[in-house]
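Structure record follows, encoded as structure tokens.
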Amino acid sequence: MSERPFMQLYVSDFVGDTLQLSTEQIGAYMLILMAMWNAGGRLPDDDAKLARVARLSPRRWHAISGDLLTFFEREAGEIGHKRLTKELHKAQVKSEARAAAGARGGTATALKTKAHGAANAGALPRHSPDSRNQSEKAFSSAGENETAPVFSGKKPGWHRPKTHTDAANAIIEEIRSHDRSRIAAGDEGAGRDVLMLPAIGPD
């Protein structure tokens, strides 16, 4: 595919300049201009090659080429076209400007992406792992039939109460056990102390 996908055509100028050409000559003229555009502005000044470009037999090309070649510049074994060369130069300048702008945009995007990635890599995590939650999850996944672990700082055999009722019963049992120990030790005041407990709501 050509790097120059379109060729500027000034319709009014073209029609005005080719009034003396036949339909066949205009077709050959356009085919030569398009081939010249794709070739970078020059074609060999060779009748056999130009006939093939114009899709004419050598005989037919020879019959119409006299008037047709007056629109071209012939130099050093090549033919060119002044207006086409000018438009080709303008198209090349625009293409190079677009390519340069695209390269700058691509570089800026790459640098921005790189900087963003580096910032994310250096950022500290917003939340640290909750070891307590992890422990409770591990405990809950151990199974209902397994014995709950004894927590440090509690009396041997103590287990975390599962309900408010269990907690209340555990407190009452602690009080009764303490009173029994005092009675056994001969403490006359045992069992007569009044203990104010906070209200415990339903489960």
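The values are calculated or read from the model by the stated rules, or taken from the named source; none is laboratory data. This one's a predicted model, so the numbers in the text were calculated from it and none came from an experiment. Here the Cβ positions follow ideal geometry from the backbone for every residue, glycine too, while neighbour counts run over all protein chains shown. Remember, those area values only see protein heavy atoms, side chains included, never the ligands or the DNA or RNA. Shrake-Rupley method; radii C 1.70, N 1.55, O 1.52, S 1.80 Å.
What the table below lists for this structure:
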{"quantity": "Inter-label distance, nm, simple model (7 Å from Cα along the C-beta direction), residue 99/residue 55", "calculated": "3.1 nm"}
{"quantity": "Exceeding the 30 Å Cα-Cα cut-off - candidates 49/86; 49/82; 90/114", "calculated": "90/114"}
{"quantity": "Residues with amide H under 5 Å from that of residue 79, placed H, sequence gap 5 or more", "calculated": "43, 45"}
{"quantity": "Using a Förster distance of 45 Å, the FRET efficiency for residue 15-residue 111 (Cβ separation, nearest 0.05)", "calculated": "0.30"}
{"quantity": "Accessible surface of residue 160 - all protein chains present, 1.4 Å probe, nearest 10 Å²", "calculated": "130 Å²"}
{"quantity": "Per-residue HN-Hα couplings for segment 91-106 [Karplus 6.51, -1.76, 1.60; θ = phi - 60°; Hz; x = Gly/Pro]", "calculated": "5, 5, 4, 5, 5, 5, 5, 5, 5, 5, 5, x, 5, 5, x, x"}
{"quantity": "Accessible area (Å², 1.4 Å probe, nearest 10) - residue 71", "calculated": "50 Å²"}
{"quantity": "Vicinal HN-Hα couplings computed from phi for segment 173-186 (Karplus, 6.51 cos²θ - 1.76 cosθ + 1.60; Hz; Gly/Pro x)", "calculated": "5, 4, 5, 4, 5, 5, 5, 4, 5, 5, 5, 5, 8, x"}
{"quantity": "Heavy atoms of residue 13: accessible area, 1.4 Å probe, square angstrom to 10", "calculated": "70 Å²"}
{"quantity": "Surface/4 estimate of mean projected area, convex hull on alpha-carbon atoms of segment 1-79, nm²", "calculated": "5.4 nm²"}
{"quantity": "By accessible area with a 1.4 Å probe, ligands and nucleic acids excluded, highest first: order of 87, 78", "calculated": "78, 87"}
